[in-house]
Amino acid sequence: MSGLTIALAQVNPCVGDIAGNAALVRASVRRAAEAGANLVAFPEMVITGYPIEDLALRESFQRAAEGAVQTLATALEADGLGSITVILGTLGVSQKGMPFNQAAVIRRGSVEARYNKHHLPNYGVFDERRIFASGQDRCVLRVHDATVGVVICEDIWQDGGPVSQMDDANIQLLVVLNGSPFEEGKGHVRRDLAARRAREVKAPVAYVNLWGGQDDLVFDGHSFIVGADGRVLASSPGFADHLLLWTLPHDDDVPKPGSLAPAASDDEQVYTAIVTGLRDYVTKNGFSSVVLGVSGGIDSALTAVIAADALGGENVVGVSMPSAFSSDHSKDDAADLAKRIGADYRVQPIAPMVDAFQDQLGLTGVSEENLQARVRGVILMAISNREGHLVIAPGNKSELATGYATIYDAGSIGGFAPLKDVDKSRVWELARWRNRAAAQRGEVEPIPVNSIEKPPSAELRPGQTDQDSLPAYELLDEVLDAYVEHAEGRAELLARGFDEAVVDKVLSLVDRAEWKRRQYPPGPKVTALAFGRDRRLPITSRWRELEE
């Protein structure tokens, strides 16, 4: 027998907002009950937000999390929802005061069971082994005449452990609570893994994931249910609140599919992840608007459009800061962009401020070029201080990798860098995708075509282009992908046929730019390896002597 209806509550909590997160859970349980659910599952650490890092070690935070769970249990009973089984992620504590990444099971006004995560990831963006203690016991429940197993995220990524402990429990459903960050191409890996675990336990797997931005991580949701045969039976859209309902069939009945979210392209997912990361970074830090320099180039154009999609064009301040070297078409493209997205557009010439510095310093060459760039940064920070906008930086991953940016300029200062993990070639791809998406909806294309098609230039001297200092971006990004993303060394790059001069130049630029990367604002991680989160490149090339 069964007929159990489960609801996967895909929600966007905020780290540290325990009261707000508990209210989110309470409201979602009510909606799930109204939809006929007997069991509601929430993501990993939904009560505290995720990742909480060293907050887990604070006794006051531990007490607040536990108090919220107990209060929530009482409130759900008072709401007439006590018969609903609720599984949610929270911060648990052992009798010896060790914190656990925990799932709590609430029913009839109390916490009926607890499960502590076994496998604690300690790679990439994760640092759980340092913070949490490992659980040892399995968790098997009876819900509406069904036997349900419970595990947390990494527990299904590792062979053995709590999933293998389900062998003799004859579970009919495995519920997995997750806080799995987005990276391009990861979705099918999750589904394949869940399908494998479903076949192992001979039962459907219900995978519920967080969504939303938290600092430089973005969680994409994309919750789903796979049958015992590995087929996807129901799925949630990405980057949105969603309540996914599915009914477990009776013993010998064939599982019926539930709602299936339409698939999104890689470009759409990456773009939406960046929009989500920016919006939540801005709002969760108490801001409501942003300011950036708009030059007429592709990076600032795409960044401004992302900001408009995240916050509304009326909450984006775009400042054109022309110099004596700024072309007329760049100024026109910046104004055109602002009009298309409905931004607050301003023009602030930099010549008087640059002249004031030059009267005192008399700079020449690169120093003079960088002075222009840094004056622009000062202007943006002044507007931010005066009006309360968050400054956002439009620099991309290719520039960050090679150090092709003036530190403290308009391209690198501020509180957040939306394109930090997007290489230059992908910037163009995302810009074209965003324009196509607008055209398909019958909307005005937000990015001027000229910003996409013209050669990129910092316009700090007459006739300047990026390729005066860098290889063509198609070649540069190919080398960077191999060196940064795939950790290939000089020997491997040469063996693949890259020109020796290009390899040596690019690797030298990357290694020497670490000090700049360390001072760059955070930005949303969308690839497997992002600067700041996953990768610290050497600051000297001497280590390669050992490689050779």
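With every protein chain present, what is the per residue accessible area of the chain (1.4 Å probe, Å²)?
Values: 22510 Å² over 548 residues.
With the other protein chains kept in place, the chain gives 41 Å² per residue.
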Under a point spin-label approximation (7 Å from Cα along Cα-to-Cβ), what is the Glu492-Ala240 distance to one decimal in nm?
3.9 nm
Give me P(r) over the range 10-108, computed from all C-alpha to C-alpha distances, binned every 10 Å, as integer percentages.
17, 52, 26, 5, 0
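Return the carbon/sulfur percentage of the accessible area of the range 152-286, one whole number, probe 1.4 Å, all protein chains in place.
Values: 2460 of 5150 Å².
Looking at the range 152-286 in its full context, I get 48 percent from C and S.
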Want the number for Glu500 to Arg518: 0.36 nm per residue separation, take away the alpha-carbon distance, what's left?
3.7 nm
Taking the Cα centre of the range 261-316 as the origin and placing charges on Cβ (Lys, Arg +1; Asp, Glu -1), which of Ser265, Gly297, Gly312 is farthest toward the positive end of the dipole?
Gly312
Sequence neighbours fewer than 8 away in the same chain don't count; with that in mind, list the lysines whose C-alpha is under 21 Å from Lys117.
Lys96
If one compares the long axis through the Cα atoms of helix 424-440 with the longest principal axis of the Cα atoms of the chain, the angle in degrees, nearest 10, works out at 70 degrees
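If packing is taken as the mean number of other Cβ atoms within 10 Å per residue, what is the order of 138-148, 517-527, 44-54, highest first? Present the calculation step by step, with values, prior to reporting the outcome.
Values: 138-148: 18.4, 517-527: 20.7, 44-54: 22.7.
Highest mean packing first, the order is 44-54, 517-527, 138-148.
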Above-threshold pairs, the threshold being 26 Å between Cα atoms, out of Lys284/Lys339; Lys420/Lys454; Lys186/Lys397; Lys331/Lys505
Lys284/Lys339; Lys331/Lys505
Rolling a 1.4 angstrom probe over the protein chains, ignoring ligands and nucleic acids, what is the accessible area of Trp433 in square angstrom, nearest 10?
40 Å²
Using 20 Å as the cut-off for backbone N distance, which residues of the range 332-349 belong to the label zone defined by a point 7 Å from the Cα of Glu368 along Cα→Cβ?
349
Crossing angle, helix 59-78 versus the chain [Cα axis fit, 0-90 degrees, rounded to tens]
50 degrees
List the lysines whose Cα sits under 17 Å from the Cα of Lys202, skipping any in the same chain fewer than 8 residues away.
Lys256
What length, rounded to one decimal in nm, is gained on full extension from Arg108 through to Phe325, with 0.36 nm per residue of separation minus their alpha-carbon distance?
71.0 nm
Roughly how many whole Å is it from the C-alpha centroid of the range 211-262 to that of the range 338-363?
50 Å
Heavy atoms of Phe132 accessible to a 1.4 Å probe, total area in Å² rounded to 10
10 Å²
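Sort 294-301, 411-418, 159-166 by packing, meaning the average of other beta carbons within 10 Å per residue, with the highest value first.
Details: 294-301: 27.1, 411-418: 25.4, 159-166: 17.5.
By packing density, highest mean first, the sequence is 294-301, 411-418, 159-166.
Just the projected area, averaged over all directions, of the convex hull on the alpha carbon atoms of the range 297-339: how many nm²? Intermediate results must be reported in sequence, preceding the final value.
Details: hull surface 11.5 nm².
Approximately 2.9 nm², given one-decimal rounding.
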Structure-derived semi-axes √(5λ) of the Cα gyration tensor in Å: which label, when the choices are (i) 47, 25, 22; (ii) 36, 27, 23; (iii) 33, 29, 24:
(i)
Roughly speaking, what is the centre-to-centre gap between the range 13-79 and the range 308-336 when only Cα atoms are used, to the nearest Å?
43 Å
DSSP bridge pairs, the range 1-108: antiparallel proportion in percent, nearest 5
55 percent
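Based on Cβ point charges of +1 for Lys and Arg and -1 for Asp and Glu, what charge dipole magnitude is obtained for the range 1-132 about its Cα centre, in debye rounded to the nearest 20? The partial results should precede the final answer.
On the way: 12 positive and 12 negative charges, 45 e Å.
Rounded to the nearest 20 debye, it is 220 debye.
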Amide H neighbours of Leu233 under 5 Å, at least 5 residues apart or on other chains, H built in the peptide plane: list them.
Ile225, Val226, Gly227
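Rounding to the nearest 20 debye, state how big the charge dipole of the range 276-395 is about its Cα centre with +1 on each Lys and Arg Cβ and -1 on each Asp and Glu Cβ.
Numbers: 9 positive and 14 negative charges, 70 e Å.
Approximately 340 debye in magnitude.
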How big is the charge dipole of the range 351-496 about its Cα centre, in debye rounded to the nearest 20, if each Lys and Arg gets +1 on its Cβ and each Asp and Glu gets -1 on its Cβ?
380 debye
Run the quick spin-label model on Asn450 and Glu268: label points 7 Å from Cα toward the beta carbon, then report their separation in nm to one decimal.
3.2 nm
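The values are calculated or read from the model by the stated rules, or taken from the named source; none is laboratory data. Since this is a predicted model, take the numbers as computed values, not measurements. Cβ: placed from backbone, ideal geometry, glycine included. Neighbour counts: every protein chain shown. These accessible areas exclude ligands, DNA and RNA; they are computed on the full protein's heavy atoms, side chains included. Shrake-Rupley method; radii C 1.70, N 1.55, O 1.52, S 1.80 Å.
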